[in-house]
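The values are calculated or read from the model by the stated rules, or taken from the named source; none is laboratory data. Predicted, not measured: the structure shown is a model, and the values here were computed from it. Quick reminder, even Gly has a Cβ in these numbers, built from the backbone with ideal geometry, and neighbours come from all protein chains shown. Calculation scope for accessible area: heavy atoms of the full protein, side chains included, ligands and nucleic acids excluded. Shrake-Rupley method; radii C 1.70, N 1.55, O 1.52, S 1.80 Å.
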Amino acid sequence: MTYIYVLVSSPDDYYYEQALMSVTSLRIYMPKARLVLLADNKTVSGFTGKRVALKKLVTEIITVPFADTVQKTERSRLIKTSIPDYIDGPFLYIDCDTIICDDLSAIRDYGYELAGVLDCHVFLNDHIHKDYFLERDRRLGFSGTKAAGYNINGGLLYAENNDLTKRFFTAWNDAWRYSAYRKHDFHDQSALNQANYLTGLKIKLLPGEWNCQPAHGGLAFLGSAKIVHYFSSEFKASNYIPYYKLADVQLQQRIKESGSIPADILQMIQQPKFQFNKVQLISDQRIVSIMQSPLLFTLADLKTHAAPVFKFLERQTKFFRKLGKLLAHTTS
């Protein structure tokens, strides 16, 4: 079996450093595994100076050429949705923003042709982004999410290289091209789930340990996790509270500056299930259910940009809550 990473990176981002950490972690458990890096021509030409360590860890680098006018996001998506064009035999695709925690070869024991893990480890009706997924599909003219009743997370995909896989990836590539170039939506997950729908919902569901997403319900799978997927895209938000130490851009900057993984960071990679910062967890289900509400984000913006207005609303709300409790106590 072949383990696949797709990398499109320049010195201005941290995708190379994330890939280096993930591949390093994979080599801890599978030093002899066939590991192929699919990368665009610009990325490969930049494997010089302090960006050469990754070359020494992979079995093969396959260069995919693009015109200079094709942007980085396009390159990444076009390669990812065309993996069978470059690989023979079964493969496991893994996102770069991951840390491997165990030997992955047992994934073939499930006997699946095509497999992935639920996004956020839940079905659609329990997903915090349910309305967002359905609205995005509606704008794109897709039916995949609603038809399946779930979203497959694109961070990990297992595939036997057969007719089903080729049909799925062709459908995924076509759906993404339509989404990006006709609808100007460059996300790949809606297109992935549309492709699953168009090919008969053939993607089988793997246990959450294969794509453990700690920030989104994955703590239940952390103890047996094969892969920790920390979602590097979330850390771009200025107000985001980081929870996973290996996702810290300051840590990744140290790797960038040294060109290799410092000893203390390597030690963290060797113990990936214990690398969490202190964060405040929300235990009130009522709050969790509205975390993506525009009203909640509006309140956050008011507190940041119009503090007097926020404090006024807060005082008024406290008064009415006390009044409501008093009335409820009086009538009980």
For residues that are assigned to a helix (DSSP H, G or I) and either touching a Leu at 6+ places or on another chain (Cβ under 7 Å) or basic (K, R) (or both), tally how many sit in the stretch 185-207.
1
Is there any pair linking a residue in the stretch 168-186 that is closer than 15 Å to R139 by Cα and modelled with pLDDT under 95 to one that is in a helix (DSSP H, G or I) and open to solvent by less than 20 Å² (accessible area, probe 1.4 Å), with Cβ under 6 Å and at least six apart or on different chains, and which?
none
For L157, state whether it is closer than 23 Å to A106 by Cα and open to solvent by 10 Å² or more (accessible area, probe 1.4 Å).
no
Keeping to the stretch 101-132, report how many residues are at pLDDT 95 or above, open to solvent by less than 20 Å² (accessible area, probe 1.4 Å) and farther than 23 Å from P272 by Cα.
3
E74 is checked against (1) in contact with a strand residue (DSSP E or B) (Cβ under 9 Å, 6 or more places away or on another chain); (2) within 19 Å of Q194 (Cβ to Cβ) and fails just one. What number does that condition carry?
(1)
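Just a yes or no: is a residue in the stretch 142-154 touching a Lys or Arg at 6+ places or on another chain (Cβ under 6 Å), within 22 Å of H229 (Cα to Cα) and assigned to a helix (DSSP H, G or I)?
No, because not a single residue in the stretch 142-154 is touching a Lys or Arg at 6+ places or on another chain (Cβ under 6 Å), within 22 Å of H229 (Cα to Cα) and assigned to a helix (DSSP H, G or I).
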Residue under evaluation I241, criteria (1) part of a loop (DSSP other than H, G, I, E, B); (2) over 30 Å from E135 (Cβ atoms), criterion not met
(2)
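Any idea how many residues of the stretch 86-130 are within 17 Å of A148 (Cα to Cα), in a strand (DSSP E or B) and hydrophobic (A, V, I, L, M, F, W, C)?
4
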Going through Q253, Q213 one at a time, which residue ends up being closer than 25 Å to T24 by Cβ, in contact with a strand residue (DSSP E or B) (Cβ under 9 Å, 6 or more places away or on another chain) and modelled with pLDDT of 95 or more?
Q213
Which of (1) outside any loop (DSSP other than H, G, I, E, B); (2) open to solvent by 50 Å² or more (accessible area, probe 1.4 Å); (3) among the basic types (K, R) is the odd one out, the single condition R27 does not satisfy?
(2)
Hey, S224 hits all of (1) closer than 26 Å to S105 by Cβ; (2) open to solvent by 20 Å² or more (accessible area, probe 1.4 Å); (3) hydroxyl-bearing (S, T, Y); (4) in contact (Cβ under 8 Å) with a residue 40 or more places away in the chain but one; which does it fall short on?
(4)
From the list S260, S232, exactly one residue is in contact with an Asp or Glu (Cβ under 6 Å, 6 or more places away or on another chain) and modelled with pLDDT of 80 or more. Which is it?
S232
Close pairs from the stretch 72-100: first touching a residue at least 12 places away in the same chain (Cβ under 8 Å) and more than 19 Å from D174 (Cα to Cα), partner in a helix (DSSP H, G or I) and open to solvent by 30 Å² or more (accessible area, probe 1.4 Å), Cβ under 6 Å, at least 6 apart:
C96/Y15
Confirm whether S190 is among the hydroxyl-bearing types (S, T, Y) and over 26 Å from A147 (Cα atoms).
no
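Given the criteria modelled with pLDDT of 95 or more, open to solvent by less than 10 Å² (accessible area, probe 1.4 Å), on the phi < 0 side of the Ramachandran plot and among the charged types (D, E, K, R), does D137 qualify?
Here the answer is yes, as D137 does meet what is asked.
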I'd like the full set of residues that are open to solvent by 20 Å² or more (accessible area, probe 1.4 Å), under 23 Å from F169 (Cβ atoms) and either part of a helix (DSSP H, G or I) or touching a helix residue (DSSP H, G or I) at 6+ places or on another chain (Cβ under 6 Å) (or both), limited to the stretch 43-71.
V44, T63, P65, F66
Tally of residues being of a type outside the set (V, I, T) and either open to solvent by 70 Å² or more (accessible area, probe 1.4 Å) or farther than 20 Å from D85 by Cα (or both) across the stretch 167-188
13
